[in-house]
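Only one structure is covered here, and it is reproduced in the block below.
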C-alpha cells in the first residue's frame, strides 16, 4: 500500500484536482509536526487534517496554526471528502488496525515504513531545494562580490591614476614655484638665461631649449643659454631677419615651425636637418623686446594648450627677471665705467690692478702697466672747443680697446690720461702694444668742427713692469707715470720704458 501511495504522490491521478494529493496525518508527535511542516511547503500536496488523542500534541498545535482540520476523532478524519491518503505516524499497531478497518476503499494508508520513506523523500527534497537556493544565493553573492571587487579595482585604478596625476601636478607646482622664486634671486643675465632653459626643460619637458638676447648695436640675436644639445649645436649669432627666432622677434608672436625638410626657419641650428619642430616667442618687457625664447624637438611635437599657456607664463616671468638682470648689469657697468670713453674708471682700475698684481705674485708671472697722455690736449680744447675734445677722447679710447686682448684692462685715469693693465706681459710685449697704440693715434685724422679741417693728435706713453719696476700697485703706477712724463719732456709722441 505504501508503494501505491508513493505512486499517487508522483502521478496525482486519484485526486479530483489533477496533480494534487490530499492526505491526512494520524499522530501528534514532534516527528508528525515536522512532517506536517515539510508537507505544507510542497505545492502538489494538500494536508486536509490531523488526528491525535491530545489536542496539545505538537502536530495538533501546528495544524491549528496552519488552518488544518484538527480532531481527536479518527472516524471524522477518515470521512474527509476527496481524501487520497492517510499517513500513520503513531507506530501503534492498534491505531493502524483501526485506520485499516475504517478507511474508505479509495483512501490509501501509509504505515510506519511508508511514512518513514515519505519523510526521507521530503527531507531530501527539502535539502535539495535548500541547497539549490543556497547555491543560487551563493552565485548571486559571488556575482555581487565580483562586481564589487571590479568596482573597487576600478576605483583603486582611478585613485592611483588621480594620485599619479596629482603627484605630477604637485611636482610641477613645486618646480614652478622654485623656478619663479629663483628668478627673483638670480642677479646676472647669464644665470637668469640658464634658469629659463632649465624651466623649459623641467616644466615643459622640452628636448631642446635656448635663449637668444638682442644686440641692438648690430640687430642680431646672441645665444645666452641652451640645453638639450652641446653649445656648438647652436649658431652663436642670428640676425633678426632670419629663422623662426627672427619671425618671433619681428611679428611679436609665437611661431611654430614643422619643417618636413631643413628650411630657413630652422637654421638657428648648425645642423638644421636634426630639427623637427621649433616654437619661439619674444621675451618682452613692456614695449621692449629683450630677446627670444625657443623650444625645439628633433621629432614632430605639438604643445597642448596647457603647455602653450605654461610656456607663455615662463616667458612673461622670465622677461621681468631678465630685464632686472640687464638693468642690474648695466648699473654695475656704469658704476665701473667712465661715461664718456666707456673705458673703466679710476676706482675700478685700482681694484683690478691690485687683483692682477696679486695673481702675478702668486704664480710668478710678469705684469706690465701702460700710462698714456694725449699731447697738448688743453690747447686742442681751447682752440676747437670741448665738444671736439670729447670726440678725441672717445676716439683714442676706441683705438686703445682695438689693440688689447680680452684679459687686458683699460681705464681712464683722469682728464686726458689713460692706463692699461697687461697681465702676463713683459716689458718688450708691453712696449710693442704701446707702440701700436701710439702709431694708430698719430696716424688718425681728427675732426675739428670744420668739415674741411682735420688735425693729427699724438700721445706720450710710459711703460712699467712688475716686479722689475715696482712690487706694489703704487710703485708700479709711479714708475709708469715717470716714464710717461719722460716721454713728454723728451719731445712727446714717444714710448718710454721705466728705469
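Brief remarks follow.
- Single unsatisfied condition, residue 408 versus (1) closer than 17 Å to residue 462 by Cα; (2) touching a residue at least 40 places away in the same chain (Cβ under 8 Å); (3) buried (at least 17 other Cβ atoms within 10 Å of the Cβ): (2)
Yes/no matrix, rows are residues, columns are (1) assigned by TED's automatic domain parsing to the domain that holds residue 353; (2) at pLDDT 95 or above; (3) surrounded by 15 or more Cβ atoms within 10 Å (Cβ to Cβ); (4) part of a strand (DSSP E or B):
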{"site": "420", "(1), (2), (3), (4)": "yes, yes, yes, yes"}
{"site": "425", "(1), (2), (3), (4)": "yes, yes, yes, no"}
{"site": "429", "(1), (2), (3), (4)": "yes, yes, yes, no"}
{"site": "434", "(1), (2), (3), (4)": "yes, yes, yes, no"}
{"site": "438", "(1), (2), (3), (4)": "yes, yes, yes, no"}
{"site": "441", "(1), (2), (3), (4)": "yes, yes, yes, no"}
{"site": "449", "(1), (2), (3), (4)": "yes, no, no, no"}
{"site": "452", "(1), (2), (3), (4)": "yes, no, no, no"}
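- Under the condition of being surrounded by 13 or more Cβ atoms within 10 Å (Cβ to Cβ) and either touching a strand residue (DSSP E or B) at 6+ places or on another chain (Cβ under 7 Å) or outside the structural domain of residue 366 (by TED's automatic domain parsing) (or both), the residues counted in region 454-476 number 12.
- Residue in region 334-341 that is free of Cβ contacts under 8 Å to residues at least 12 places away in the same chain and either touching a strand residue (DSSP E or B) at 6+ places or on another chain (Cβ under 9 Å) or surrounded by 13 or more Cβ atoms within 10 Å (Cβ to Cβ) (or both) present: yes
- Under the condition of being touching a helix residue (DSSP H, G or I) at 6+ places or on another chain (Cβ under 7 Å) and more than 15 Å from residue 39 (Cα to Cα), the residues counted in region 55-96 number 7.
- Of all the residues in region 73-97, those that are assigned to a helix (DSSP H, G or I) and either surrounded by fewer than 17 Cβ atoms within 10 Å (Cβ to Cβ) or free of Cβ contacts under 8 Å to residues at least 60 places away in the same chain (or both) number 9.
- Test: residue 370 is touching a residue at least 24 places away in the same chain (Cβ under 8 Å), in the same structural domain as residue 473 (by TED's automatic domain parsing) and in a helix (DSSP H, G or I): no
- Residues of region 327-367 classified as closer than 21 Å to residue 425 by Cα and assigned to a helix (DSSP H, G or I), total: 16
Residue by residue, here is whether (1) within 58 Å of the chain's Cα centre (by Cα); (2) without any contact (Cβ under 8 Å) to a residue 60 or more places away in the chain holds:
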| site | (1), (2) |
| --- | --- |
| 391 | yes, yes |
| 440 | no, yes |
| 451 | no, yes |
| 463 | no, no |
| 472 | yes, no |
| 483 | no, no |
| 489 | no, yes |
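- Helices (runs of 4 or more DSSP H) contained entirely in region 1-72, each with at least 1 residues that are touching a strand residue (DSSP E or B) at 6+ places or on another chain (Cβ under 9 Å), at pLDDT below 90 and over 16 Å from residue 84 (Cβ atoms): 30-40
- Screening 392, 396, 336, 347 for residues that are touching a helix residue (DSSP H, G or I) at 6+ places or on another chain (Cβ under 8 Å) and at pLDDT below 90 leaves exactly one candidate, 336.
- Among the residues making up region 413-438, a single one is in contact with a helix residue (DSSP H, G or I) (Cβ under 8 Å, 6 or more places away or on another chain) and without any contact (Cβ under 8 Å) to a residue 40 or more places away in the chain: 415.
The values are calculated or read from the model by the stated rules, or taken from the named source; none is laboratory data. The shown structure was predicted, so the numbers you read here are calculated from the model rather than taken from an experiment. FYI the Cβ positions are ideal-geometry reconstructions off the backbone, even for glycines, and counts take in every protein chain you see.
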